[in-house]
Amino acid sequence: MNENIIKRNELLAEKVIKGLESRNMTGYYAPTAKDALTKALKLIPEGSKIAMGGAMSAHEIGLVDAIKNGNYDFIDRDAIEDKRAAMLASYDADYFLSSANAMTNDGVLVNIDGNANRVSAIAQGPKHVLFIVSMNKVCDDIDGAMKRARNVAAPINAQRFGLTTPCTKTGACFNCKSPDTICCQFLITRYSRHKDRIHVILVGENLGF
Ligand code: SF4
């Protein structure tokens, strides 16, 4: 990655981490995906019960494979036939892994969900939530973060799942009420009531979408 981009990401991460701290959340900066993996594995004790929502970034840094192959109690919702049981078990996890659709440079996290399993677990349930968020998802303010979530993340997610929504045809959000819409629930996480619950690893390399 270009040196100037690396420097800019480091400096911006300092501001984001201060913003997270002001909101009773904890942030860390990892310049590379490899550093992010090392940090995540340091934060999660072996033996932890771990669940996850849609978290492409956690896959991309190798965290999901490391957990599957490590000494953890992983609730693998793709492998569990009873999806409702898997969802309910997730609320009792020690760690819930997630990416974010966008966040602000002062530490507010923005997430959109269709089934709401991800946003509901972020909001409450799991003892800890660990976000993996690449710096390209950091926006100036809530307005910018909502625009990113709706016009970048959501259309790409809708395409990924092969859904029939206007955004899969045009690449832009049409504020649809299509039965296939994945924009059913919006969660803005602006403060954590519980200290040590929400941790965010900011990653200098681009991840997810
Ligand atoms: S509201 Fe509809 S058109 Fe807009 S991003 Fe969501 S699914 Fe796509």
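The values are calculated or read from the model by the stated rules, or taken from the named source; none is laboratory data. Keep in mind that what you see is a predicted model, and the values were worked out from it rather than measured. So basically every Cβ, Gly included, is an ideal-geometry build from the backbone, and we count neighbours across all protein chains shown.
Scanning segment 132-165 for residues that are among the hydrophobic types (A, V, I, L, M, F, W, C) and within 11 Å of the ligand (Cβ to nearest atom), which turns out farthest from the chain's Cα centre (by Cα)?
L163
When segment 166-181 is examined, which residues are found to be in a helix (DSSP H, G or I) and either buried (at least 17 other Cβ atoms within 10 Å of the Cβ) or near the ligand (Cβ under 7 Å from one of its atoms) (or both)?
P166, C167, T168
Could you list, in sequence order, the residues of segment 55-66 that are crowded, with 24+ Cβ neighbours inside 10 Å and either outside any helix (DSSP H, G or I) or in contact with a helix residue (DSSP H, G or I) (Cβ under 6 Å, 6 or more places away or on another chain) (or both)?
Within segment 55-66, A58, I61, L63 meet the criteria.
Output the qualifying pairs, or none if there are none: Cβ atoms under 7 angstrom, residues six or more apart or on different chains, first residue in segment 156-174 and closer than 16 Å to D113 by Cα, second residue at pLDDT below 90.
Listed pairs, sorted by first residue: I156/F209.
If I ask for residues that are under 18 Å from M52 (Cα atoms) and out of contact with any strand residue (DSSP E or B) (no Cβ under 6 Å at 6 or more places or on another chain), which ones from segment 171-195 would you list?
I182
Go through (1) within 9 Å of the ligand (Cβ to nearest atom); (2) crowded, with 16+ Cβ neighbours inside 10 Å; (3) on the phi > 0 side of the Ramachandran plot for G208 and report which single condition fails.
All conditions pass for G208, except number (1).
Look at I112 and say whether it is out of contact with any helix residue (DSSP H, G or I) (no Cβ under 6 Å at 6 or more places or on another chain) and within 21 Å of C183 (Cβ to Cβ).
No, not satisfied.
Name the residues in segment 31-67 that are in contact with a Phe, Trp or Tyr (Cβ under 6 Å, 6 or more places away or on another chain) and farther than 19 Å from I17 by Cα, would you?
Those that are in contact with a Phe, Trp or Tyr (Cβ under 6 Å, 6 or more places away or on another chain) and farther than 19 Å from I17 by Cα: I44, S48, I50, A51, I67.
Can you list the strands (runs of 3 or more DSSP E) lying wholly within segment 82-125 that have 1 or more residues being β-branched (V, I, T) and more than 16 Å from the ligand (Cβ to nearest atom)?
Fully inside segment 82-125 and qualifying: 102-104.
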